[in-house]
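The values are calculated or read from the model by the stated rules, or taken from the named source; none is laboratory data. None of these values were measured; they are calculated from a predicted model. Neighbour counts run over all protein chains shown; Cβ positions are idealised from the backbone, glycine included. We work out accessible area using only protein heavy atoms, side chains counted, and drop any ligands, DNA or RNA first. Shrake-Rupley method; radii C 1.70, N 1.55, O 1.52, S 1.80 Å.
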Amino acid sequence: MTKTEEIEINLLLDAIYRKYGYDFRNYARASLKRRIQNCILRAEVNSVSALIPLILHDKDFFSEVLVQFSVPVTEMFRDPIFYHAFRLQVIPYLQTYPFIKIWHAGCATGEEVYSFAIMLKEEGLYDRTTIFATDFNEEALNTAKEGIYRLANVKYYTNNYQKAGGKSTFSDYYYAGGYDSVIMDASLKKNVTFAHHNLVSDGVFGEMHLILCRNVLIYFDKQLQNRVLNLFRNSLIRKGFLCLGTCESLQFSSVENAFEEIEPEYKIYRLS
Amino acid sequence: MYSFSPIQDNFSALEVVVIGVSAGGMSVLSEIFQQLRPDFRLPLLIVQHLHPHQGNFHIEYFSEIAPIPVQEMEEKQPIHPARIYFAPANYHALIESDKTFALSVDEKVNYARPSIDVLFETASEVFQHHLLGIILTGANRDGAKGLRQIADFGGITIVQDPDTAQFAAMPQFALEATPSSQALNLSEIVVFLNSIHPKLSNLSKYW
């Protein structure tokens, strides 16, 4: 990154923060920069600086930028082996609780929320579970609430479901929507509360038995990662579980010693 | 024989090698690793297109045959010399300006995640003319744009000679995008790699 471009990006992020309150200043730069470059292409301007007046004076333009900045990419039963490990390592503990509270932080368009709902149903735990599924991207959250997904992905999801240790058939959990979509069974979201929450600026969610936050921390710098991990620690009950993405880790973080590793390879942790 | 004379002066400036490989990758990488000098000092950063659920088999396999350590790139970790790093399956690999790895689950690029273009483009911005980019066998066009950017930033670019590659398409697209690249067969690529003598001053910044 050239020095000039770095200055431009800092100014852009400052402008967004001061005008709209969204704070991307502690996002990992390499990915964010690619997203900014996409905005430049779409807006047909030729520098990062040229985006700034558009963002400051045009709220609709900013809404589009916000969508670009948080392009959610997720899938049903992403990393099936993680789900498999979760069934073996965590479900037996969850079974001992009379009720279970789960925070799905950064749920994006909700595919993994439904995946978890399916798994909890199959393990007989869904009826005593409350899931709080949060994201700062309203558009993604609306998709999550609707639970309508592309038919083209279903074959892949079905494969994931099977590898994840699914006990039934994936087609039991959705209905045909329009010609190219499927609608997730409404009973799966009966105990799910979808809510707006920004990990960068918002506070603790209390007394959770389990927090899922997979492939979100990789977008943050070290400082923001530590803030969010502390938030998680303070939102968990004693002996609560934390699941991160397979390429994320508590190693070298400020909460490393607060957790024990349950399943190092699949990043399942438990508060000591 | 071939001649590297036009770019010879740049050898000692090299700090990092990035390699992109797709279909046919296991055998070409095996061949390169088997012949790599045990005292090879540069980090080799590799994007190999893999099945999204690919486990660690390739890492274990290559660890057996490579003369230097082989591992997956880890988020926020620094790049060490004399190591071979693979992008993890189903993640894009990027380089941050402080020369650490970054990962993302952003949309596929060229139908691929990890994408060669994503690694090459971000690495070229950080390492500029200290970067060597290599495109090997493959059946798609990923990497062509990234290789072009490496050349534009003054780095060295090498493409496996399409006539000798198991799958010619990827090298072909790369050559079309960056005609100034050296087109070499596999043993020439190994000779090239083994002939790099990085300045110790370039590598010392890693310790």
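A few comments on the model shown:
- Conditions (1) on the phi > 0 side of the Ramachandran plot; (2) touching a Ser or Thr at 6+ places or on another chain (Cβ under 7 Å); number of the one not met by residue A:8: (1)
- Among (1) farther than 22 Å from residue B:185 by Cβ; (2) more than 11 Å from chain A (Cβ to nearest Cβ), the one test that residue B:137 misses: (1)
- Restricting attention to segment A:18-67 and to residues that are under 21 Å from residue B:126 (Cβ atoms) and more than 14 Å from chain B (Cβ to nearest Cβ), the residue that is least open to solvent (accessible area, probe 1.4 Å) turns out to be A:24.
- Of the residues contained in segment B:67-83, none is found to be of a type in the set (S, T, N, Q) and either more than 25 Å from residue A:79 (Cβ to Cβ) or open to solvent by 60 Å² or more (accessible area, probe 1.4 Å) (or both).
- Members of segment A:68-91 found to be part of a helix (DSSP H, G or I), more than 21 Å from residue A:8 (Cβ to Cβ) and within 14 Å of chain B (Cβ to nearest Cβ), listed by number: A:80, A:81, A:82, A:83, A:84, A:85
- Candidates A:144, A:133, A:140, filtered to the one that is under 22 Å from the mean Cα position of the chain (by Cα), part of a strand (DSSP E or B) and assigned by TED's automatic domain parsing to the domain that holds residue A:107: A:133
- Extreme residue, surrounded by the fewest Cβ atoms within 10 Å (Cβ to Cβ), among residues of segment A:228-258 that are closer than 23 Å to residue A:81 by Cα and free of Cβ contacts under 8 Å to residues at least 24 places away in the same chain: A:251
- Of all residues in segment A:171-197, those satisfying the criterion of being surrounded by 15 or more Cβ atoms within 10 Å (Cβ to Cβ) and assigned to a loop (DSSP other than H, G, I, E, B) are A:177, A:185, A:191, A:197.
- Being more than 18 Å from the chain's Cα centre (by Cα) and open to solvent by 30 Å² or more (accessible area, probe 1.4 Å) is true of residue A:168.
- Of all residues making up segment B:101-139, the number that are open to solvent by 20 Å² or more (accessible area, probe 1.4 Å) and of a type in the set (S, T, N, Q): 2
- Flag for residue A:94 being touching a helix residue (DSSP H, G or I) at 6+ places or on another chain (Cβ under 7 Å) and either aliphatic (A, V, I, L, M) or on the phi < 0 side of the Ramachandran plot (or both): no
- Some residue of segment B:93-103 being at the interface with another protein chain (Cβ under 10 Å from one of its Cβ atoms) and among the hydroxyl-bearing types (Ser, Thr, Tyr): yes
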